[in-house]
1. Treat the count of other C-beta atoms within 10 Å as a stand-in for reagent exposure and order K112, K240 from fewest to most.
2. Pull out the extension gain between I263 and L182, defined as 0.36 nm times the separation in residues minus the alpha carbon to alpha carbon distance; nm, one decimal.
3. What distance in nm separates the simple spin-label points at E82 and R152, each placed 7 Å from Cα in the Cβ direction?
4. Report the extension gain between D231 and K243 in nm, rounded to one decimal, defined as 0.36 nm multiplied by the number of residues separating them, less their alpha carbon distance.
5. Modelling each spin label as a point 7 Å along the Cα-to-Cβ direction, I'd like the D168/I99 distance in nm, to one decimal.
6. Rounded to the nearest 500, what is the chain's calculated 222 nm mean residue ellipticity when only DSSP H runs of at least 4 contribute -39500 (n - 2.57) each, over all residues?
7. Please give the peptides 90-97, 171-178, 56-63 ranked by average Cβ packing (other Cβ atoms within 10 Å per residue), highest first, as a rough proxy for protection.
8. Taking the chain as a Gaussian network, Cα atoms linked when under 10 Å apart, which of T208, T41, T228 shows the biggest mean-square fluctuation?
Amino acid sequence: MGLFSKLFSKKESKRQLEEQKLFYAQQNEKMERAYAQAKQTFNYFWRELYWEYRRIVPALDLSIVKIPFEQKFETIKEPVVEHMWINQIDFDGENISGILMNSPNRLTNISKGDSIIIPLDKISDWMFAIRGKTYGGFTIQMLRSDMEENERAEHDKAWGLDFGDYNDIQTVFEQKVHPENLIEHPMSKNMKGKVRSEYLKGNFDGITSKDENGLTMLHNETIAGNKTIIDVLLKIGIDKEAKTNTGKTALDYAKSLNWEHIIPVLK
């Protein structure tokens, strides 16, 4: 190989390496944005699951949360991280609990079926599906955006779900035809009369009692973003200054979970 060819080959290799570094940097940036979107919109995921647990006939095909798990190995400088899904989700306004659905590829400190508890700010994604249509799934949509059309089709077929347009991620059922669902869940509106009737029947325990975490009905309805029910509770005189075992009021949860339509009501 001549001198010119060697120099050209060296420059070409350097250029390819720089392009590769740029590509991975861009991918990491896109993934970090996906993580941030998932955290910011988790309130919609929990709102839907909150009502799912109260339905007689289930509506969700699945409801899952993705979490990063890590482990340090003596032979590897950086911790090994795997992002895996949990289901059977519960949420107390601060921590998410569930059961690990996946078997780790490299980690040995956790196994499929383990119980998991993690703070909300540590999640990397969430997704639910209704009638085969997905909502959320920000990291999945980011990966789909880099696939060829045939790859996306195979990916979606493997999941057996309709992921729709990766540029138009929806967080609420029927939000295109019913944008008001972004503010209030329709089931919350339908429950208004029932909450009032329970109070009029003298069923105060279910309205005023606290659970093991010190959460009242007002706390729980706030965490789930149900303003209609909150309005009823406040009208019948429920104490909005009641605090949980960790010292949080309903207003604290409204703020931390970005329920902007509820914050003015609880101030």
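Nothing in this text is a laboratory measurement; each read-out follows from the coordinates by a stated rule. Since the structure is predicted, the reported quantities are computational estimates derived from the model, not experimental observations. We place every Cβ from the backbone using ideal geometry, glycine too, and count neighbours over all the protein chains shown.
1. Sorted ascending by nearby Cβ count, the order is K112, K240.
2. 27.6 nm is the gain from fully extending I263 to L182.
3. With each label placed 7 Å out from Cα toward Cβ, I get 2.9 nm.
4. Stretched out fully, the D231 to K243 stretch lengthens by 2.5 nm.
5. Placing both labels 7 Å beyond Cα along the Cβ direction yields 3.7 nm.
6. Working: 10 runs with 114 residues, N = 267.
Taken over the chain, the calculation gives -13000 deg cm²/dmol.
7. Details: 90-97: 17.9, 171-178: 14.5, 56-63: 12.5.
Packing order, densest peptide first, comes out as 90-97, 171-178, 56-63.
8. The residue that fluctuates most here is T208.
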